[in-house]
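Asks: Pasting a structure here, questions to come.
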Amino acid sequence: MTRTLRRAPGYLFLAVSAILSVFPLYFMVVSATNTTQDVLSSRMLPGGNLVANFLALVASQDVASAMWYSTVNAVATTVLALAVCSIAGYGFEVFHSRGKDRLMSVLLLAMMIPFAATMIPLFQMFANMELVNTTPAVILPAIATPFLVLLFRQASRSFPHEILEAARIDGLSELSIFARIFLPTMRSTYAAAAVITFMAAWNNFLWPKVILVNNAYQTMPMLISNLRAGYVTDYGVLMLAVLLASLPTMVIFLILQRSFAEGITGAIK
């Protein structure tokens, strides 16, 4: 009994933290079923306006197209980023040298540069290549990030180098070693990197807004921004759009949450 009482404050703190964390999600779901007046009055109970909000949303915005372009951008960015950054992180650690350590330090310093400082040069570069308003222009700047390279480099440190030497003695090429030995053992790290990259690519707003000058290629964050661009905002419709935009990232995280935790802790070790 005494042990339970000692733990009671901790359980209470965790319960309050859980409620505070879940409440925004609950309010978003409830608001998607209510009218604007109900949302502004902070109604906490579900309403009967879900179908009306959905019809109003699809009537004013091309939701299917926005979901499609968001999916294409997020999936392509995730696949390419995992391929590029995992190979880079593997190379930094397996083929270790002082020069690579200095280069890694430069990459880490690049993480401190805000994206707004590089946005204009990026736009000029893609404009010179005639890639403005194209999908590659959205994807390419995100396929090599210092954070993912560092994540895979840290994960590679726990990989036994004796296996590499044995594989080389057996005649395997470096590409075969990476694909057949390294990659299968780093599934949790790939899962963690996939969750981080997919969520960042899906929620990316500023760069697509700048480089995609045509609303025909708009993503879900751009669509949500357009819903607030008028003189009057229908908050029931807005909350429904936010809910639809949140579903893919929630599904991805729920599927990979265990591997995500293992990958992050493994990289830290």
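Asks: In this structure, does Ala194 turn out to be at pLDDT 90 or above and closer than 17 Å to Val84 by Cα?
Replies: Numbers: at pLDDT 90 or above: yes; closer than 17 Å to Val84 by Cα: yes.
Against the criterion (at pLDDT 90 or above and closer than 17 Å to Val84 by Cα), Ala194 qualifies.
Asks: Show the residue pairs meeting these rules: Cβ distance below 8 Å; 6+ apart or different chains; first residue within segment 34-45 and closer than 14 Å to Phe23 by Cα; second residue among the acidic types (Asp, Glu).
Replies: Qualifying pairs under 8 Å: none.
Asks: Name every residue in segment 21-59 that is assigned to a loop (DSSP other than H, G, I, E, B) and surrounded by 11 or more Cβ atoms within 10 Å (Cβ to Cβ), in order of residue number. Break it down stepwise before answering.
Replies: The first filter runs over segment 21-59 and keeps only residues assigned to a loop (DSSP other than H, G, I, E, B), leaving 32-35, 41-49.
Matches in segment 21-59: Ala32, Thr33, Asn34, Thr35, Arg43, Met44, Pro46, Gly47, Asn49.
Asks: Go through (1) out of contact with any helix residue (DSSP H, G or I) (no Cβ under 6 Å at 6 or more places or on another chain); (2) under 30 Å from Val149 (Cβ atoms) one by one and return the number of the condition Ala81 breaks.
Replies: (1)
Asks: Polar (S, T, N, Q), on the phi > 0 side of the Ramachandran plot and at pLDDT below 90: is that true of Ser42 in this structure? Before you say what the answer is, go through the steps one by one.
Replies: Details: polar (S, T, N, Q): yes; on the phi > 0 side of the Ramachandran plot: yes; at pLDDT below 90: yes.
It is true that Ser42 is polar (S, T, N, Q), on the phi > 0 side of the Ramachandran plot and at pLDDT below 90.
Asks: Quick check on segment 225-248: of everything there that is modelled with pLDDT under 85 and of a type in the set (Gly, Ala, Ser), which residue is nearest to Ala200 (Cα to Cα)?
Replies: In the first step, residues of segment 225-248 are kept if they are modelled with pLDDT under 85; the result is 228-233.
Of the ones still in play, those that are also of a type in the set (Gly, Ala, Ser) are 229-230.
Working: Ala229: 23, Gly230: 27 Å.
Checking each candidate, the answer is Ala229.
Asks: Any idea how many residues of segment 166-205 are free of Cβ contacts under 8 Å to residues at least 60 places away in the same chain and not in a helix (DSSP H, G or I)?
Replies: 5
Asks: Can I ask one more? For segment 211-224, what are the residues that are part of a helix (DSSP H, G or I), closer than 26 Å to Gln124 by Cβ and modelled with pLDDT of 90 or more?
Replies: In the first step, residues of segment 211-224 are kept if they are part of a helix (DSSP H, G or I); the result is 211, 215-217, 220-224.
Still in the running and closer than 26 Å to Gln124 by Cβ: 211, 215-217, 221-222.
Listed by number, the residues that qualify are Ile211, Pro221, Met222.
Asks: Also, I was wondering about something else. Suppose the filter is among the hydroxyl-bearing types (Ser, Thr, Tyr), closer than 18 Å to Ile224 by Cβ and part of a helix (DSSP H, G or I); does Tyr69 pass it?
Replies: Numbers: among the hydroxyl-bearing types (Ser, Thr, Tyr): yes; closer than 18 Å to Ile224 by Cβ: yes; part of a helix (DSSP H, G or I): yes.
The answer is yes for Tyr69.
Asks: Hey, another quick one. Somewhere in segment 213-235, is a residue among the β-branched types (Val, Ile, Thr), free of Cβ contacts under 8 Å to residues at least 24 places away in the same chain and surrounded by fewer than 17 Cβ atoms within 10 Å (Cβ to Cβ)?
Replies: The answer is yes, given that some residue of segment 213-235 is among the β-branched types (Val, Ile, Thr), free of Cβ contacts under 8 Å to residues at least 24 places away in the same chain and surrounded by fewer than 17 Cβ atoms within 10 Å (Cβ to Cβ).
Asks: In addition: In this structure, is Leu256 at pLDDT 90 or above and either out of contact with any Asp or Glu (no Cβ under 8 Å at 6 or more places or on another chain) or not in a helix (DSSP H, G or I) (or both)?
Replies: It is false that Leu256 is at pLDDT 90 or above and either out of contact with any Asp or Glu (no Cβ under 8 Å at 6 or more places or on another chain) or not in a helix (DSSP H, G or I) (or both).
Asks: Counting only residues that are buried (at least 19 other Cβ atoms within 10 Å of the Cβ) and more than 14 Å from Ile87 (Cα to Cα), which one in segment 171-191 is nearest to the chain's Cα centre (by Cα)?
Replies: Among those that are buried (at least 19 other Cβ atoms within 10 Å of the Cβ) and more than 14 Å from Ile87 (Cα to Cα), it is Ala191.
Asks: Of all helices (runs of 4 or more DSSP H) completely enclosed by segment 104-165, which ones contain at least 3 residues that are aromatic (Phe, Trp, Tyr) and closer than 24 Å to Lys209 by Cβ?
Replies: Working: elements: 115-128, 135-139, 146-156.
So the answer is 115-128.
Asks: Say whether the condition of being closer than 27 Å to Val29 by Cβ and of a type in the set (Gly, Ala, Ser) is met by at least one residue in segment 213-226. Write out each step before concluding.
Replies: Applying the first criterion (closer than 27 Å to Val29 by Cβ) to segment 213-226 yields 218-226.
Within this subset, residues satisfying the condition of being of a type in the set (Gly, Ala, Ser) are 225.
Yes, because at least one residue in segment 213-226 is closer than 27 Å to Val29 by Cβ and of a type in the set (Gly, Ala, Ser).
Asks: Let me ask another. What number of residues in segment 118-152 are among the aromatic types (Phe, Trp, Tyr) and closer than 17 Å to Leu206 by Cα? Steps first, answer last, please.
Replies: Kept after step one, since they are among the aromatic types (Phe, Trp, Tyr), are these residues of segment 118-152: 123, 126, 147, 152.
In the following step, the residues that additionally are closer than 17 Å to Leu206 by Cα were identified as 123, 126.
Residues flagged as among the aromatic types (Phe, Trp, Tyr) and closer than 17 Å to Leu206 by Cα within segment 118-152 amount to 2.
Asks: Could you list, in sequence order, all residues of segment 99-153 that are surrounded by 13 or more Cβ atoms within 10 Å (Cβ to Cβ) and among the aromatic types (Phe, Trp, Tyr)?
Replies: Phe123, Phe126, Phe147, Phe152
Asks: Here's something else I'd like to know. Testing Leu5 on (1) of a type outside the set (Lys, Arg); (2) within 23 Å of the chain's Cα centre (by Cα); (3) over 30 Å from Pro141 (Cα atoms), one condition comes back false. Which one is that?
Replies: (2)
The values are calculated or read from the model by the stated rules, or taken from the named source; none is laboratory data. Everything numeric in this text was worked out from a predicted model, so none of it was measured. When we count neighbours, we look across all protein chains shown, and the Cβ atoms used for this are built from the backbone with ideal geometry, even at glycine.
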